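Only one structure is covered here, and it is reproduced in the block below.
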Amino acid sequence: MASNESFGPASAQPSRPSGAPRSPETGDRARNAENDLLRRVPPHSPEAEQAVLGGILMRPQLMHVIVDLIADTDFYLPAHATIFRAFLDLYRKSAPIDLISTAEQLKSSNALEEAGGAVYLADLAQAVVSGANAEYYATIVRDKSLQRGLINACSSIISNCYDASREVGSLLDESEQAVFAISQRTTGRDFTGARELVDSVFENLSKLADSRDVITGVTTGYSRLDKLTAGLQPSDLIIVAARPSMGKTAFSLCMGLNAAIRQGVPVAVFSLEMSKEQLMQRMLAVWGKVDMSKLRRPALLNDADWSNLYAAADVISRAPIYIDDTPALTTLELRARARRLKAEKGLGLVIVDYLQLMRTSRRTDSRELEISDISRSLKGLAKEMNVPVVALSQLNRKVEERGDKRPMLSDLRESGAIEQDADVIMFVYRDDVYKFTKPADRPVQGIAEIIIGKQRNGPVGVAELLYMSPYTAFEDLAPDWAPSETPQ
């Protein structure tokens with residue numbers, strides 16, 4: 001990752017990459033590139049920094065705007081960073097910001113001399129004719145800081161690329177993450193006025209009303225479920241949770257296939273548990289109605305099976321489905337890859353299998369905090385990409401201790417943050433996993449319940465589907481099906 005320090009006489013020289021020793025020629029080229037960067041003065045504007053600080057001293061109310069644009073680390077000159085930190089300390093305490101209060105704040109932290117003294121503070125205030133343009137100068141300070149950040153990132157990338165022991169794939173991922181972390185500074189959002197929002201919402205409502213389509217999001221492919229949810233909505237984080245062997249992976253793959261094939265929606269599948277080949281086998285079995293056990297032993301496939309597989313392969317190969325099976329993916333890596341896919345191919349649905357196998361990009365003190373970071377990041381991805389994100393999740397073992405084993409929100413493993421961040425929580429439940437004899441009043445064999453345990457903008461309820469275990473597929477039940485009937 002890139003260093004946060006700026007290049008310059010007071011900065012530490014970038015560390016050498018670890019790994020195999022460089023050849024003399026390679027080492028010379030690397031040293032020349034690094035020394036060339038070190039000899040150049042990093043982008044900065046002392047005048048803009050002074051204008052920001054002087055403007056705040058003249059018009060302290062500008063802090064409300066400027067704190068959203070820059071931080072103390074954005075200042076190149078250490079004295080200016082120290083003064084801005086004093087402003088921030090006063091601002092947090094709702095104390096007045098002027099020459100006297102700033103000088104006292106700096107004294108209390110033994111930083112007045114580091115900031116240039118009281119005389120320099122007075123010079124800053126007198127050098128600015130008006131504080132009206134301080135916000136504009138703050139954007140200059142921010143942009144120069146971003147340029148320095150890019151220089152640091154590029155220097156780190158160059159240094160790492162000369163390390164012969166590094167894999168190209170990991171170098172590309174790290175490089176993208178470094179640049180992406182900097183670009184996040186430029187994607188902040190501001191308030192939107194009610195008039196603008198009302199116009200936008202009514203325009204969207206009118207389009208949907210004219211289309212006469214009751215499915216306003218990405219279709220799941222299941223009429224009973226779509227009736228409850230109106231489809232998978234943009235910006236929603238949808239959690240699909242179940243105990244092992246209930247079919248949560250199969251259910252999410254079926255939704256992805258339905259969206260990509262029937263609606264032409266580009267679907268990204270991040271599989272942290274199964275390989276991409278295993279996922280594709282499942283997809284072929286689902287779409288071709290071929291027994292999965294035969295795919296594990298291809299000698300058992302008959303002519304009809306091969307015909308169905310070829311037909312399924314033809315359909316799936318033309319569908320906009322993209323699979324990434326990188327294990328132990330971090331939230332930052334997933335986000336970067338989703339951004340890249342959206343730019344290159346388009347993106348309408350993201351599926352993550354499964355949440356507990358992901359890692360955060362920073363260290364946390366507990367597993368619960370780590371899961372909290374992951375769920376919050378996935379929700380952020382849904383909002384940023386404006387697409388539904390379906391994340392699979394495990395349930396804890398408490399469900400096994402109850403007589404009625406239908407899951408509840410409290411059964412989510414590390415549930416607090418997941419339950420809070422999710423817009424929709426679906427549980428996959430099949431009675432026949434536990435019961436092998438049919439009750440007299442209800443044939444449970446082959447029936448799956450998709451239990452909507454939470455829906456932020458809609459009702460909760462249950463959508464019943466047909467589960468076809470030989471090819472791990474979920475299908476709609478007949479429209480007139482009733483619990484007293486046996487599914488065919």
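The values are calculated or read from the model by the stated rules, or taken from the named source; none is laboratory data. As the structure is a prediction and not an experimental result, all values here were calculated from the model. For neighbour counting, all protein chains shown are included, and Cβ atoms are generated from backbone atoms with ideal geometry for every residue, glycine included.
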message: Can you tell me which residue is surrounded by the most Cβ atoms within 10 Å (Cβ to Cβ) among those in region 371-405 that are touching an Asp or Glu at 6+ places or on another chain (Cβ under 7 Å) and either among the basic types (Lys, Arg) or in a loop (DSSP other than H, G, I, E, B) (or both)?
response: Pro388
task: Of all residues in region 119-142, count the ones that are buried (at least 17 other Cβ atoms within 10 Å of the Cβ), modelled with pLDDT under 90 and small (Gly, Ala, Ser).
output: 3
message: For region 131-145, give me each residue that is part of a helix (DSSP H, G or I) and not small (Gly, Ala, Ser).
response: Glu135, Tyr136, Tyr137, Thr139, Ile140, Val141, Arg142, Asp143, Lys144
query: Do you know which residues across region 194-240 are modelled with pLDDT of 75 or more, assigned to a helix (DSSP H, G or I) and either more than 30 Å from Glu449 (Cβ to Cβ) or not aliphatic (A, V, I, L, M) (or both)?
result: Ser223, Arg224, Asp226, Lys227, Thr229
query: What do you reckon, is Val290 β-branched (Val, Ile, Thr), assigned to a loop (DSSP other than H, G, I, E, B) and in contact with a Gly (Cβ under 6 Å, 6 or more places away or on another chain)?
result: no
message: What pairs come out if I take residues in region 308-324 that are in the same structural domain as Gln278 (by TED's automatic domain parsing) and pair them with residues that are in a helix (DSSP H, G or I) and of a type in the set (Gly, Ala, Ser) whose C-beta lies under 6 Å away, six or more apart or interchain?
response: Asn308/Gly288; Leu309/Gly288; Ala312/Gly288; Ala319/Ala260; Pro320/Ala260; Ile321/Ala260
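Yes/no per residue for (1) farther than 30 Å from Ser159 by Cβ; (2) modelled with pLDDT of 85 or more; (3) assigned to a helix (DSSP H, G or I):
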residue	(1), (2), (3)
Phe7	no, no, no
Ala10	no, no, no
Asp28	no, no, yes
Arg31	no, no, yes
Val52	yes, yes, yes
Phe87	yes, yes, yes
Pro96	yes, yes, no
Ser101	yes, yes, yes
Glu104	yes, yes, yes
query: Restricting the search to region 54-83, which residues are more than 31 Å from the chain's Cα centre (by Cα), of a type in the set (A, V, I, L, M, F, W, C) and in a loop (DSSP other than H, G, I, E, B)?
result: Leu77
task: Quick one: count up the residues across region 255-268 that are surrounded by 24 or more Cβ atoms within 10 Å (Cβ to Cβ) and either more than 22 Å from the chain's Cα centre (by Cα) or among the β-branched types (Val, Ile, Thr) (or both).
output: 1
- prompt: Restricting the search to region 62-91, which residues are of a type in the set (Ser, Thr, Tyr) and over 21 Å from Glu104 (Cα atoms)?
  reply: Thr73, Tyr76
- request: Residue by residue through region 112-130, note down the ones that are farther than 19 Å from Asp74 by Cα and not in a helix (DSSP H, G or I).
  value: Leu112, Glu113, Val128, Val129, Ser130
- prompt: Regarding Asp143, is this residue charged (D, E, K, R) and under 28 Å from Arg39 (Cβ atoms)?
  reply: yes
